[in-house]
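Asks: My structure is below; once you've seen it, I'll send some questions.
The values are calculated or read from the model by the stated rules, or taken from the named source; none is laboratory data. Fair warning: this is a prediction, and the values are worked out from it, not measured in the lab. Positions of Cβ are generated from backbone atoms using ideal geometry, with glycine treated the same way; all protein chains shown enter the neighbour counts.
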Amino acid sequence: MGNEFKESITKAVNNANLTGALGKFSEAYKVNRAKAYEGIDFEELRGRIADLKGYAAAHLDQLSDEFTRNAEAAGATVFRTKDPAKVREYILKIAQDNGVKTVIKSKSMATEEIHLNQYLEKAGIEVGETDLGEWIIQLAGQTPSHMVMPAIHMTKEEVSDLFSKEVNERLTSDIPRLVKVAREQLRPTFLAADMGISGGNIAVAETGSIVLMTNEGNARLVTSLPKIHIALVGIEKLIEKYADVATILKALPRSATAQLLTSYVSIITGPTPNSDGSMKDMHIILMDNRRSEMAADPKFKQALQCIRCASCLNVCPIFRLVGGHVFGKVYTGGIGTILTAWFDELKKSEDIQGLCIQCGACTDVCPGKIDIPELIMEIRRRLVQDQGLPLLQKTIYAVVNNRKLFHGMLRAASIAGKPFASGKFVRHLPLFLADLTDGRSLPAIAAEPFRDRFKKIKQPKLKEKAAFYAGCLIDFAYPEMGESLVKILNKGGIEVLFPEDQTCCGAPARYNGAYEVAASNAVDNIKALLREDVTYVVSACPTCTVALDREFITTFESLGQTEWIPQAKILAAKTVDLSTLVTKLVAEGRLTLKEGRKLGKITYHDSCHLKRTLKVSDQPRELLQKAGYEVTEMFECDTCCGMGGSYSMKLPEISAPILQRKLKNIKDTGAPLVAMDCPGCVMQIRGGIDQDGAAIQVRHTVELLAEQLEK
Amino acid sequence: MLYEQFKARAEGVSAEVFKFATKAEALEHLIVFLRTEGLADTPQATALWAECSFLDGIDRDAVAVNAGLKFGVTRELAAHARFGISQMEWALADTGSLAQNSTAIEQRLVSSLSTIHIALVPTSGILPDMPTLLAKVHPGDCAYLAMITGPSRTADIERVLTIGVHGPERLVIIFVNELSGPPLPTSPRLGEEKTPSPSGGGLGRGKNGNDMGGNK
């Protein structure tokens, strides 16, 4: 990551105004969004949207033709181009041919994408943004920090300073008064403008209509007052059927701002009369700018299902810390990273793709059903393919790829780490590594890894067998978790095998775009885990479980390697996470937890991969309750803890505040104990609590359950 | 039932909702409202009433004795009007929205430039939701379908909800039971008639525009 990029992050996370406004908004958004969707089957709705937008993305040419035919029949002029430069030239030509001096605009990300304002202004045409947020940032000479709320990063004091300069009068920071000033200032501009430029939220092929939504009412004025209206529409806004407008409008305002509907919706089909009786000169520009290339890409075509609601920004734990400017000048957040990689260039996404911690919060809320984290991983993969890995990473993966060397180094580290370890933690690391322990203690490498301890466990001979996939953290940092797992499964009538040749699950490599390394890890693990005939392959690490259950397969698929896919599928079918397996054993009466005990309050932290990828969240809570704990929910229980594997090492400046927030939410419950199902989360949260000094125990569910087994 | 749902939703977004059995009662309420809110024949105090079927059979001269209340929408009058009065043909119960064929620019001028928009709505025009509306109103018959949900709003400064940016800061909705709903479109479909309307009329795409408000 470049220094400049790192500096922009540091600046953002230390901007209290920004993090305050975004933090407050993200909290309110979740509550309000849920309320707006009350009584609506969101999964059903987004299934329909994904289908209709997916269809449109697969038929862009056909729908563009149909749209053009119908819009022109209605009297509009349609201009189609792949090239942003042609868009700018076309608009300028219409302006010059008609002697246009001033242009008013309603919000349009597509015009931002092609930097239209600067271009027109250079040609001597005055361009006025009319969306309040856009106007504010135009006055400030800035770029939008959020796709829906462009000026969310600014305080009312900053806005009042800007407006005061504009009206030559010292204004207070009273928000209603500032809004009134904007109304009064912009009204004459509206009335005098020669041309209106809008975007388009939807373009309907069947009727040649464009749909515009605003809350402020500016798009109504932009499309009504000037005699010329130009709508710039990216072809991904096309849909086939007019009736489907209602489907998108059901989701877009709810997901964008938690409204049932925006104040104004206009469905415009061809020109309408001006107030002097003449007919409006209406132009619709269908802009491609790499969208059809995107549609032809088997991985990225789904990104065209985006309806630009920005809900992926609103729920992103990273976005609420850093805001939009860190992401660049136009599209921001998760989807913005993907759009930037395409509409701008892949290289531009090099730094920003690293911001994604892969927590999957966005996949839960995306009304277009886009797997944004997966697409960001694909960007990583392609970047690595294009440019290769940084040298340091190359060295690390060369080691990870050689199990014996890797494990040998981990063993060596248990001794080498001693000078810095105190008890169970590494508290400080020397020199540049010190950042890694900033706000968090790291676990000391266990003196005796699980693979050695396993040999000493005396298990009964049982008919049913499970292979335990430990993963690096349990094997080398938390072997006691593995011992607890063996104890529980034995009690449930399952004998545990530990295939010695198992190695790293490949997640670290995969999450850094090194798919070849991940694939090689996958092959080693498939061989090791399928060697013995077992009913289950069980893991107590959700990230590892996801790797075994899905990512081995998708990694092979991404690389076009088919040889191991059948084996990977067999492995996936056997793979199960600890809580799900224990729940099953309890339900079948094979395992009993001690009944009727009162163990007091506990709170539970949902790990990203367990809750959102594997959809497991009730099981551990119910097990803990059965064991006698009183589960008290923390605020944002399923928000990422900031670990994200190597993320916390690459971007400690982001990881640390996310952890602090998690710690606060844990402490606020008053519970003396917090449970979770992921050793990575334990490492992050236990390390944070250690530095914080709070008297709270951080435990893996497996340990707590093992203590409460009926003898 | 639909009305109750509409009212709750519309009030939830700060609209003000009334209902009257007759046009006479609605008119009386409207005039009292205008006077109370400072109607006068001075800039930023006038009211501008766009053509609509509500006005059929109403003695406009008698109504216009209220100084400042005007008919005959122009851009200049609209720019200076405090009150804009128009008839919205439909209401959507599940979102508290109003909808109108706004092809005629006069309809948009009074509802977008005014500070207070007063919408007259036939009670029979309440529909359950947007899919029902879109099934009824085809773009071939309606070049500019406008939906309005509450007053103009923004939250662009510090996420504080503020009412009245570029559009009206108040939306007053008056349902009238005896007002008949919009006729089903019978005029030429899209593409068959594209002659721009003569000046002054400004009523939509040729003949279609004249259907604005219906009953002509």
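Asks: So which of B:Ile173, B:Ile163, B:Ile126, B:Ile105 is buried (at least 24 other Cβ atoms within 10 Å of the Cβ) and more than 7 Å from every other protein chain (Cβ to nearest Cβ)?
Replies: On inspection, the qualifying residue turns out to be B:Ile173.
Asks: One residue is enough: does segment A:216-226 have a residue meeting the conditions surrounded by fewer than 18 Cβ atoms within 10 Å (Cβ to Cβ), touching a helix residue (DSSP H, G or I) at 6+ places or on another chain (Cβ under 8 Å) and within 11 Å of another protein chain (Cβ to nearest Cβ)?
Replies: Looking for residues that are surrounded by fewer than 18 Cβ atoms within 10 Å (Cβ to Cβ), touching a helix residue (DSSP H, G or I) at 6+ places or on another chain (Cβ under 8 Å) and within 11 Å of another protein chain (Cβ to nearest Cβ), one finds none in segment A:216-226, hence no.
Asks: Working carefully through the options B:Ala79, B:Ala64, find the one that is of a type in the set (A, V, I, L, M) and in contact with a Leu (Cβ under 8 Å, 6 or more places away or on another chain). Working first, answer last.
Replies: Details: B:Ala64 fails: in contact with a Leu (Cβ under 8 Å, 6 or more places away or on another chain).
Exactly one of B:Ala79, B:Ala64 is of a type in the set (A, V, I, L, M) and in contact with a Leu (Cβ under 8 Å, 6 or more places away or on another chain), namely B:Ala79.
Asks: If you go through segment A:293-308 one residue at a time, do you hit one that is under 30 Å from A:Val100 (Cβ atoms) and surrounded by 24 or more Cβ atoms within 10 Å (Cβ to Cβ)?
Replies: Scanning segment A:293-308, I find no residue that is under 30 Å from A:Val100 (Cβ atoms) and surrounded by 24 or more Cβ atoms within 10 Å (Cβ to Cβ), so the answer is no.
Asks: Return a yes/no flag: does segment A:145-152 have any residue that is aliphatic (A, V, I, L, M), crowded, with 18+ Cβ neighbours inside 10 Å, within 13 Å of chain B (Cβ to nearest Cβ) and in a helix (DSSP H, G or I).
Replies: So far as segment A:145-152 goes, no, none of its residues is aliphatic (A, V, I, L, M), crowded, with 18+ Cβ neighbours inside 10 Å, within 13 Å of chain B (Cβ to nearest Cβ) and in a helix (DSSP H, G or I).
Asks: Mind telling me which of the residues A:Glu707, A:Glu703 ends up being charged (D, E, K, R) and surrounded by fewer than 18 Cβ atoms within 10 Å (Cβ to Cβ)?
Replies: Testing whether each residue is charged (D, E, K, R) and surrounded by fewer than 18 Cβ atoms within 10 Å (Cβ to Cβ) leaves just A:Glu707.
Asks: Are any of the residues in segment A:223-239 closer than 22 Å to B:Leu171 by Cβ and aliphatic (A, V, I, L, M)?
Replies: Taking every residue of segment A:223-239 in turn, at least one turns out to be closer than 22 Å to B:Leu171 by Cβ and aliphatic (A, V, I, L, M).
Asks: In addition: Which pairs do you get when a residue that is over 26 Å from B:Thr103 (Cβ atoms) and within 14 Å of another protein chain (Cβ to nearest Cβ), found in segment A:74-95, comes within reach of a residue that is surrounded by 15 or more Cβ atoms within 10 Å (Cβ to Cβ) and among the hydroxyl-bearing types (Ser, Thr, Tyr), reach meaning Cβ atoms under 6 angstrom, with the pair 6+ apart or on two chains?
Replies: Close Cβ pairs satisfying both conditions: none exist.
Asks: Pull up segment A:104-127, narrow it to residues that are over 21 Å from A:Glu236 (Cβ atoms) and crowded, with 19+ Cβ neighbours inside 10 Å, then point me to the one that is farthest from the other protein chains (Cβ to nearest Cβ).
Replies: Among those residues, the one meeting the criterion is A:Tyr119.
Asks: Return the residues of segment A:240-280 that are at the interface with chain B (Cβ under 7 Å from one of its Cβ atoms), farther than 28 Å from A:Thr68 by Cβ and surrounded by fewer than 24 Cβ atoms within 10 Å (Cβ to Cβ); say none if nothing qualifies.
Replies: A:Leu260, A:Ser275, A:Asp276
Asks: For A:Asn32, which of the numbered conditions (1) touching a helix residue (DSSP H, G or I) at 6+ places or on another chain (Cβ under 6 Å); (2) farther than 27 Å from A:Lys347 by Cβ fails to hold?
Replies: Only one criterion in (1) touching a helix residue (DSSP H, G or I) at 6+ places or on another chain (Cβ under 6 Å); (2) farther than 27 Å from A:Lys347 by Cβ is unmet by A:Asn32, namely (1).
Asks: What residue, among those in segment A:3-42 that are modelled with pLDDT of 90 or more, assigned to a helix (DSSP H, G or I) and of a type in the set (D, E, K, R), is nearest to A:His153 (Cα to Cα)?
Replies: So the residue we want is A:Glu27.
Asks: Further question on the same structure: Among the residues of segment A:281-292 satisfying the criterion of being surrounded by 20 or more Cβ atoms within 10 Å (Cβ to Cβ) and within 14 Å of chain B (Cβ to nearest Cβ), which is nearest to the chain's Cα centre (by Cα)? Reasoning before the result, please.
Replies: Step one: list which residues in segment A:281-292 are surrounded by 20 or more Cβ atoms within 10 Å (Cβ to Cβ), which gives A:282-289, A:291.
Right, trim to within 14 Å of chain B (Cβ to nearest Cβ) and you get A:282, A:284.
Details: A:Met282: 38, A:Ile284: 33 Å.
Restricting to residues being surrounded by 20 or more Cβ atoms within 10 Å (Cβ to Cβ) and within 14 Å of chain B (Cβ to nearest Cβ), the top hit is A:Ile284.
Asks: Sticking with this structure for a sec: Please go through segment A:97-132 and pick out each residue that is of a type outside the set (D, E, K, R) and in a loop (DSSP other than H, G, I, E, B).
Replies: If the condition is that a residue be of a type outside the set (D, E, K, R) and in a loop (DSSP other than H, G, I, E, B), then A:Asn98, A:Gly99, A:Val100, A:Ser106, A:Ser108, A:Ile114, A:His115, A:Ala123, A:Gly124, A:Ile125, A:Thr130 are the ones that fit.
Asks: Residues in segment B:142-160: is at least one more than 8 Å from every other protein chain (Cβ to nearest Cβ) and either outside any helix (DSSP H, G or I) or among the charged types (D, E, K, R) (or both)?
Replies: No - not one qualifying residue is present in segment B:142-160.
Asks: Something else: For a quick check of your reading of the model, give me the residue pairs whose first member lies in segment A:160-177 and is surrounded by fewer than 12 Cβ atoms within 10 Å (Cβ to Cβ), whose second is among the hydroxyl-bearing types (Ser, Thr, Tyr) and in a helix (DSSP H, G or I), with beta-carbon atoms closer than 7 Å and at least 6 apart or on different chains.
Replies: Partner pairs satisfying both residue conditions: A:Arg170/A:Ser164; A:Thr172/A:Ser160.
Asks: Moving to a separate point now. Please state which of the following conditions A:Ala675 fails to meet, knowing it meets all the rest: (1) under 28 Å from A:Asn512 (Cα atoms); (2) not in a helix (DSSP H, G or I).
Replies: (1)
Asks: Let me ask something else about it. Being farther than 26 Å from A:Leu313 by Cβ and either in contact (Cβ under 8 Å) with a residue 40 or more places away in the chain or surrounded by 20 or more Cβ atoms within 10 Å (Cβ to Cβ) (or both), is that true of even one residue in segment A:647-664?
Replies: No; the residues of segment A:647-664 include none that is farther than 26 Å from A:Leu313 by Cβ and either in contact (Cβ under 8 Å) with a residue 40 or more places away in the chain or surrounded by 20 or more Cβ atoms within 10 Å (Cβ to Cβ) (or both).
Asks: Only one of (1) under 17 Å from A:Ser539 (Cα atoms); (2) among the hydrophobic types (A, V, I, L, M, F, W, C); (3) more than 28 Å from the chain's Cα centre (by Cα) fails for A:Leu614. Which number is that?
Replies: Unmet for A:Leu614, out of (1) under 17 Å from A:Ser539 (Cα atoms); (2) among the hydrophobic types (A, V, I, L, M, F, W, C); (3) more than 28 Å from the chain's Cα centre (by Cα): (3).
Asks: Among (1) without any contact (Cβ under 8 Å) to a residue 40 or more places away in the chain; (2) aliphatic (A, V, I, L, M); (3) more than 20 Å from A:Leu221 (Cα to Cα), there is one condition B:Leu2 misses while meeting the rest; what is its number?
Replies: Among (1) without any contact (Cβ under 8 Å) to a residue 40 or more places away in the chain; (2) aliphatic (A, V, I, L, M); (3) more than 20 Å from A:Leu221 (Cα to Cα), the lone unmet condition for B:Leu2 is (1).
Asks: Another one. Scan segment B:1-13 for residues that are surrounded by fewer than 17 Cβ atoms within 10 Å (Cβ to Cβ) and either at pLDDT below 95 or in contact with a strand residue (DSSP E or B) (Cβ under 8 Å, 6 or more places away or on another chain) (or both) and jot them down.
Replies: B:Met1, B:Leu2, B:Tyr3, B:Glu11
Asks: Return the pair list, or none, for Cβ contacts closer than 6 Å from residues in segment B:62-81 that are within 14 Å of chain A (Cβ to nearest Cβ) to residues that are among the hydroxyl-bearing types (Ser, Thr, Tyr), at least 6 apart or on different chains.
Replies: B:Arg75/A:Ser275; B:Ala81/B:Thr46; B:Ala81/B:Ser114
Asks: In segment A:133-143, how many residues are away from chain B (no Cβ under 11 Å) and either part of a helix (DSSP H, G or I) or under 24 Å from the mean Cα position of the chain (by Cα) (or both)?
Replies: Of the residues in that region, 4 qualify.
Asks: While we're looking at this one, here's another question. In segment A:474-502, which residues are buried (at least 22 other Cβ atoms within 10 Å of the Cβ) and in contact with a helix residue (DSSP H, G or I) (Cβ under 6 Å, 6 or more places away or on another chain)?
Replies: Those that are buried (at least 22 other Cβ atoms within 10 Å of the Cβ) and in contact with a helix residue (DSSP H, G or I) (Cβ under 6 Å, 6 or more places away or on another chain): A:Ile474, A:Asp475, A:Phe476, A:Tyr478, A:Met481, A:Gly482, A:Ser484, A:Leu485, A:Ile488, A:Val496, A:Gln502.
Asks: Oh, and also: On the given criteria, is A:Glu184 within 12 Å of another protein chain (Cβ to nearest Cβ), of a type in the set (Asp, Glu), in contact (Cβ under 8 Å) with a residue 12 or more places away in the chain and in a helix (DSSP H, G or I)?
Replies: No; evaluated as a whole, the condition is false for this residue.
Residue-by-condition table, conditions (1) β-branched (Val, Ile, Thr); (2) under 17 Å from A:Asp194 (Cα atoms):
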position	(1), (2)
A:Gln62	no, no
A:Arg69	no, no
A:Glu72	no, no
A:Ile91	yes, yes
A:Lys105	no, yes
A:Ser108	no, no
A:His115	no, no
A:Lys122	no, no
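Asks: Turning to a different aspect of this structure: Looking at A:Arg621, A:Arg597, A:Arg590, A:Arg612, can you tell me which residue is basic (Lys, Arg) and free of Cβ contacts under 8 Å to residues at least 60 places away in the same chain?
Replies: That would be A:Arg621, the only listed residue that is basic (Lys, Arg) and free of Cβ contacts under 8 Å to residues at least 60 places away in the same chain.
Asks: Still on this structure, I have one more. Suppose we filter segment A:14-24 for residues that are within 18 Å of the chain's Cα centre (by Cα) and surrounded by fewer than 18 Cβ atoms within 10 Å (Cβ to Cβ); how many remain?
Replies: Pass one, segment A:14-24, residues within 18 Å of the chain's Cα centre (by Cα): A:19, A:22-23.
When the remaining residues are screened for being surrounded by fewer than 18 Cβ atoms within 10 Å (Cβ to Cβ), the result is A:23.
Matching residues across segment A:14-24 total 1.
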